[in-house]
Amino acid sequence: MKPAEERAYIQQARADPRAFVHLYDHYFPRIHAYVRYRVRSGQDAEDIVAEVFLKAMRRLRGFKWRHEHSFATWIFRIAHNLIIDYYRRSERIEVTLDPRERAPESATPLPSRAARPEEALIQQQTFQQMQTLIETLSPRRREVITLRFFGGLRNKEIAGILNLDERTVASHLSRGLQDLRDRYTALTDLTAQTSWQVLEEVHV
Amino acid sequence: MSGNGRKRRNRYSGTLDDDDIEGAVAEKLQHGRAEETRFGFAATVANATPPVDETFRRTLRATIEAEAAQTMKQKEKEKAKEKELMQTTQDQEQKMTMRSPHRILRLAFALSVTTALLAFVFTTPWGRTLAQSALRFFVRTENVTFPLQPSQMVTQGASAPTAQPPAPLVSIAEAEQQAGFDVAELPFVPEGFEYLGARVYDSTVSIEYKAQDGGGSLIIRQSPDGFVQSEWDQVPEQAIVPVKIGELDGEFAQGTFVVYPGDRNATWNPDVPILRMRWEEDGIWFQMTKTGDVESITYLDQAHLTELAAGLGERAPVANAGSGLALEDVDALARRLNEEPAPRTVAVFPADYAPELAERIQHQVVPLAIGDNLSPAAIQAALGAVLPRSGLVDVILVNQDRGEMAKRVRASLEKQLYRLYSGPNDAGAETFGTLERKQYVAGYVAGIGLVENDPTLRVLEEPVTLTQGDLTVEVDHALLYSDRTVIHYRVESASTYPFAEPGDDICLEYAHLRLPDGSTLQPQPMGDGKAFEAGYEFATSFTDPIPADVTQATLIIPCLLDSVRGTAPENWEMALRFIPAPPDMDLAPVYDAAEGQTATDQGVTVDLAYVAAEEDGYVLNFGLTWDRDGGHEPELYPGSLHVTDATGQKITLSSAGGRPPMANQAPEFTFRTSEMPAPGPLTLKLEAIRASFPMRDVSFTFDPGSDPQPGQVWALDEHLSVAGYEWDITSARMVVQDGGPTIGEVAGFEFTMQSADPGMMVELLDTAHPMAACAPGFPQGAVFSSTLTYQSGIPAGPITIAVSRVSVLIPGDWQIRWVPPAEQASDEPTLLQPIGVTFENGIELVAAGVIQALDAPQPGQPLQVALEWRAENPVDDPVTVFTHLMCGGQLVAQRDAVPGNGEFPAPNWQPGELIRDQFAFQLPAELPAGECQLQVGLYNATSQRRYQPLGLDGAGHVIIEP
């Protein structure tokens, strides 16, 4: 979606909320991915994703368009705040120290659109492995990595959401990714003969 | 390290840099996957997207759509409320046609305050005094102004004046029965008008006509109890003209008291086109009021009104006599018609010579069975019953009053998008007209609507733009017809448009046109516009044409509508130049819906009238009618609606104007798709319709006691019933609200009600006391409320509360399929091939078919597929259908979906029911060489396990071959 289109849809949705579905269609994958990485329970993540969009639609009149990234920053801030509320409300512990102790969540559904079940399985495994790795990062780096890679936000926008300096965001991003890569390499060495191999074959 | 020359490297080693992250994220967002050989580990992370549960995604989308629709309904209800007020005004005095978007409506609203107040005093009992002087029909005043009472200063915004809604239209016979006296009628419908019907207000009967072209009305009131009188109704002495109506004395006056924006006085304006004549005959007091000055009714001046008044009560002539044509007349007519080479339908009225004519001409002859009832509805029904939906039609009317009959026929035909041309009188006394279907409308322009195919039409030479400060005005369309002018312009701010709030000094002046000779064209007082965040667009109409020899004019915008005076540049002058409409004028084509493109459910019929095809979406126009008994005529509004395209995608619709429900006219609504649907048939779906019943004869009494307190609650037990809908009033609570800056704090009551009927809303009025506002609340389940507030404090009880409007939601299923003309030839799949393969879960693929031949699929084009499914026993599994198009052994397109794009899940199938699943693939621009085939199968959406088709050796799918 081009910035001009996005702005037009925002204007349209203020007058006619039914136009909000265009924004939903565009942002759903990013918001879903970001929330899903931050919240372990698939059901809870879906609840938060739903709340993000409903809240955004209801509050759209209060949003002020300033530049082409302002809507993305705004909606991700809603998501960020809801996740904070979620952990605060449920007093859940966001960090699991040893990812290998965590079993993949069995309730996570497989994508029903997948043409081939094996692709769906690979996608599920890839996500679970990456989610487990990301959860080993510090909360701040985890936040930056997920907003950058799955929310698709730029450092400046992430800085705005997290109230950080842009250079601090860049530093967290760089170091967080480095940590992640190191752990990823270690983990793939450990699981070389597991189903992860399937993933390797597909990716090469 | 960026660009195409990226080095290839080991994904798990090397240095990470910002470019990798940037590139990986961008590529992932754009293409769904980031290339790891280019972006390394950053791509690995970006690609680890969590899987999405499509059911959740769709469900959430549906939830958002439902909430948005509900919000929109609420907005539309608010708009409808405003429209209703406007409508009341129109019905009472103006009969002007308008469309009213939210913000612009506020302007229209302010301008209409005067007439709303007039309507109020005309129709409410407390405004009536009955003392009449034998020869002084108008109350004289020496003053040309009078100060407004605080309660009469109405601001736009929360507090609206609450005129009593118009009584329902009834026949003259019913009016006579209700009013209890013989009502005098005109012997014919005056030229330029269309008969609406009669309304009864206590002992007063009001016979109403509207100008055929809109913008005017003729109302004849008669009552044995005299005239309603109030300060608004008085007339300066010098404006009263004594007249003779036959042998009777009467009085005539032109003008009315008006309130100019911001003024605290009402001022007599003798130029307002409101002409009134009053007289008395045999104890009945008469008032004939003509409003409006559109060209078609300008002839009706004082002299003509006097003439009409003198004819009131005369017997109507018999219009439906035989033709009286001799055989030689029929021969002459046949010769004339046979000169027309193009095949046509010849419709004749009366029809006594139809068999002889049919023997003599090459064209089809159809009789018009109009009968004795020459009402517009009867004529329209007769024409609709016999006229084709396309092609040429000649209408032969013999021995009819040329002016009246032709006008009525024309008015009826124009509603059906025909154009009636005057023709020669070739045979005796006939009136001859030629109808040309499809050429009446030239096309569609967003913001204006249908553009007529007027051969003299002129348009803007080029759009004109003017910028002052942050604000830009662009005049983008001008339509100069031979009889009127329409200008469309758009105002946009680069920052924030200075929209006014209640209490601000608001701009209410419309743009006007100045011609080179210095004369001006004044606009109609209502326009059609739409506000958006940064400005507004507006189409303003001028009832006068720009003379054919004038090729330029200046559009003058004194101030920008709805802005705060003094905050935006004023006095915009824009020079416009006009040229004849070029043959290739850029108009969206308009397609009439084919005959029978209607859907009926719950007695309500949705009739698709036309579809305009814009570059990026379709505009659909449809009407709503309800065939019901019971005497209460509701106004109908569409509820939840959307369009589904050929791929099953649900596309939202937003309002693009239309005619709101009006007396004796089926309401029409125009909606635009939010995007261009996929090629192929569209289905317009309505899931609910709101029926709103104006009421006047249901009330209840409530006594709040002598000292009601804010927040105090009274338990009530009132059971009411209207038009078959029932509800209970369970409690009342005293409320205090902000009535706006002029009125201040107002007190009133919130009544809580409940009903088993879905979505019921009830508007309550206290007609005995001046009210500040009445506001029905939205239902929360079975419970709903309605609040009314008073301008001058809570009156002493007991209070009689009248039900002024009841609206209910009619859930139903209305679906109309429309095929774009370019695709109509192939809108249906080719004959379905019988398949007859049953899967292991008991579901049978009964038949399948495609539009394009599979042996020659067209790259880039849609491939429409139809599958028919059936299960003899209930299916509990969440079944998804997959369809793969394989060409040359490669998968080139696929679709995984619950049949009917999710609307027909297998667990909902009835045993033995045939489920048709129709959709379209968009084929890629390039197709691999080789033979194509469709592979169709089923899998369990939860376990992802495929169901095996029985008897196909474990293939996992059924192959549909060329």
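The values are calculated or read from the model by the stated rules, or taken from the named source; none is laboratory data. All values reported here derive from a predicted model rather than from experimental measurement. Backbone-built Cβ (ideal geometry, glycine too); neighbour counts: all protein chains shown. Just so you know, the surface numbers come from the protein's heavy atoms only, side chains and all, with ligands and any DNA or RNA stripped out. Shrake-Rupley method; radii C 1.70, N 1.55, O 1.52, S 1.80 Å.
For peptide B:65-72, compute the average count of partner chain beta-carbon atoms within 10 Å of each residue's beta-carbon.
Taking all residues of B:65-72 together, the mean is 5.
What distance in nm separates the two pseudo spin-label positions at B:D505 and A:T185, each 7 Å out from Cα along the beta-carbon direction?
That separation, rounded to one decimal, is 7.3 nm.
Non-local amide H neighbours of B:G529 (under 5 Å, H modeled in plane, Pro and chain starts lacking H): which ones?
Amide H to amide H, under 5 Å and 5 or more residues apart or across chains, B:G529 pairs with B:A539.
Counting only other chains, and only Cβ atoms inside 10 Å, what mean value do you get across the residues of A:13-26?
Averaged over the peptide's residues, the number is 6.
With a 1.4 Å probe and every protein chain left in place, tell me how much accessible area B:M734 has, in Å² to the nearest 10.
B:M734 has an accessible surface of roughly 20 Å² with all protein chains in place.
Give the long-range amide H neighbours of B:M760: residues separated by 5 or more places, or on another chain, with amide H under 5 Å away, using H modelled in the peptide plane at 1.01 Å from N.
Those lying under 5 Å, H to H, from B:M760 are B:L809.
To the nearest 0.05, how large is the calculated FRET efficiency for B:D517 and B:D586 if R₀ is 41 Å and r is the Cβ-Cβ distance?
0.85
If one takes the accessible area of chain A alone plus chain B alone and subtracts that of the pair, with a 1.4 Å probe, what total in Å², rounded to the nearest 100, results?
Looking at A and B, the buried total is near 5400 Å².
Quick one: if the Förster radius is 22 Å, what FRET efficiency do B:T55 and B:R33 give, using the C-beta to C-beta distance and rounding to 0.05?
The calculated FRET efficiency here is 0.40.
Once the whole set of protein chains is in place, how much accessible area is left on B:E251, using a 1.4 Å probe, in Å² to the nearest 10?
Approximately 10 Å² for this residue.
For peptide A:167-180, compute the average count of partner chain beta-carbon atoms within 10 Å of each residue's beta-carbon.
The per-residue average across the peptide is 2.
I want to make sure I understand the PRE zone here: with the label point 7 angstrom from the Cα of B:Q754 toward its beta carbon, which residues in the stretch B:778-821 have backbone N atoms less than 20 Å away?
Counting only backbone N, you get B:778-787, B:807-809.
In what sequence, largest accessible area first, do B:R278, B:R895 appear using a 1.4 Å probe?
B:R895, B:R278
Would you mind checking the pairs B:K28/B:K75; A:K64/B:K28; B:K28/B:K73; A:K2/A:K55; A:K2/B:K77 and listing those with alpha carbons more than 31 angstrom apart?
Pairs exceeding the cut-off: B:K28/B:K75; B:K28/B:K73; A:K2/B:K77.
Which of the residues in the stretch A:126-166 lose at least 20 Å² of accessible area when you go from the chain alone to all protein chains together (probe 1.4 Å)?
A:T126, A:F127, A:M130, A:R148, A:F149, A:F150, A:G152, A:R154
Which net charge results for the neighbourhood of B:E27, defined as the other residues with beta-carbon distances under 9 angstrom from its beta-carbon, given Lys and Arg at +1 and Asp and Glu at -1?
Net of charged neighbours comes to +2.
Leaving out ligands and nucleic acids, and using a 1.4 Å probe, what accessible area per residue does the stretch B:180-314 come to in Å²?
36
How far, in nm, would the chain grow between A:D47 and A:S174 when pulled straight, counting 0.36 nm per residue and subtracting the alpha carbon separation?
Working it through step by step, the gained length comes to 42.6 nm.
Within 9 Å, Cβ to Cβ, of B:P558, how many net charges do the neighbouring residues add up to if Lys/Arg are +1 and Asp/Glu are -1?
For residues surrounding B:P558, the net value is -2.
For the peptides B:866-877, A:143-154, what is the packing order when you average, over each peptide's residues, the other Cβ atoms within 10 Å and list the highest mean first?
Peptide ranking by packing, descending: A:143-154, B:866-877.
Provide the net charge surrounding A:V52, with neighbours chosen by a C-beta distance below 15 Å and charges set as Lys +1, Arg +1, Asp -1, Glu -1.
Net charge in that neighbourhood comes out at +2.
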